[in-house]
Amino acid sequence: MNTRGRVIIQVNDLHHTYLSGTPLEVKALKGVTMEIYEGEVVGIIGRTGAGKSTIVQHFNGLIRNRERGRVIVDGHDMADPSLDVRAIRQKVGLVFQHPEQQLFERLVGDDIAFGPKKMGLPPEVRRERVRWAMEMVGLDFEKFKDRFTFSLSGGEMRKVAIAGVLALQPKVLILDESTTGIDPRGRKELLSRMLHLNREHGVTLVFVSSNMDEVASIADRIYVIDDGRTVMHGTAREIFAQPETLRRYGLGVPHVTTVAYRLAQDGIPMPRVPLTVAEAEEDVWKILSS
């Protein structure tokens, strides 16, 4: 786990209602509280409709909190009407569940350069930003910069969308179910690159996912959201050590963790709650060697 830095995102008792005062009113958030520290990887999990996407859209001002609760991002109160939201969005990048829908420029390089261009950066700086961002997601600059955006595969589009956010060089990168629909190899590569971004460049990652194996493999800490409320939080090991509680919230545990629990029920307890296959292999060898 990364050593905690200062709190970069703080959420206190956040409430949000869609279509308030209409027959279609939906109370999406009913009291979410969380803290995200600089340089860490935070997982946010919960069943469909729990409110996860609504929460993270508050982090960069796509939704402004007008009801009960506060959201403080990098020291700025997101409810402040004088706040420059554009400046916040340069610090907090959000990649949606279907990020290819964020693409609109004809050429890959132009799409990735759109944000830096809007920032008023000179062409040579924009070019280096684009090159760096493409490198971070595993796209060869010379090979892809002049490709037609909508001629790419789904996985390549996903990478272009993420690169477009990274070109702003945000302090925080939010991935909202952004690995959904990518093949297992592509997901593994993308997660590896995001962890590199975190460890080598200090980018804080917020990872919203319904894939427990992925969350367990990368998250320092996890928040569990249910019915618009924060119901659990702790390290990945602390959270996945409570399978019965998670089951009540419609969630499971990583596959390897399930195997470990079954072994324990058969009288072969593991020395810890394994979160990855590598951890399980290490623990099994310890058991066999003893």
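Worth a mention:
- Remark on Leu94: its backbone amide H falls under 5 Å from those of Ile174, a criterion applied only to residues 5 or more positions apart or on other chains, H modelled at 1.01 Å from N.
- Heavy atoms of Asp283: accessible area, 1.4 Å probe, square angstrom to 10: 0
- Looking at the chain, the accessible area is 49 square angstrom per residue; that uses a 1.4 Å probe and ignores ligands, DNA and RNA.
- The rule of thumb for compact globular proteins, 2.2 N^0.38 Å, goes into the C-alpha radius of gyration of the chain 1.06 times.
- Surface accessible to a 1.4 Å probe, Met119 within the full protein complex, Å²: 60
- Share of carbon and sulfur in the accessible heavy-atom surface of the chain [1.4 Å probe, %]: 51
- Gyration tensor verdict on the stretch 69-214 (Cα atoms; rounded if a/c is under 1.5, prolate if a/b is larger than b/c, oblate otherwise): oblate
- Relative contact order of the chain, defined on C-alpha pairs under 8 angstrom at six or more residues apart (%): 22
- A Gaussian network model of the chain, with springs between Cα atoms under 10 Å, assigns the largest mean-square fluctuation among Leu205, Leu14, Leu139 to Leu139.
- Global geometry of the stretch 1-141, whether rounded, prolate or oblate, following the gyration tensor of its Cα atoms and the 1.5 cut on a/c: prolate
- In this structure, the residue pairs whose Cα-Cα separation is over 25 Å, taken from Lys91/Lys117; Lys52/Lys117; Lys118/Lys171; Lys117/Lys143, are Lys52/Lys117.
- A simple spin-label model places the labels of Val125 and Arg237 4.4 nm from each other, with each point 7 Å out along Cα-to-Cβ.
- DSSP-defined antiparallel bridges as percent of all bridges, the chain, nearest 5: 55
The values are calculated or read from the model by the stated rules, or taken from the named source; none is laboratory data. The structure presented is a predicted model; accordingly, all values stated were derived computationally and were not measured. Neighbour counts are summed over all protein chains in view; Cβ atoms, including those assigned to glycine, are modelled from backbone coordinates with ideal geometry. Heads up: the accessible areas ignore ligands, DNA and RNA and are worked out on the full protein's heavy atoms, side chains in. Shrake-Rupley method; radii C 1.70, N 1.55, O 1.52, S 1.80 Å.
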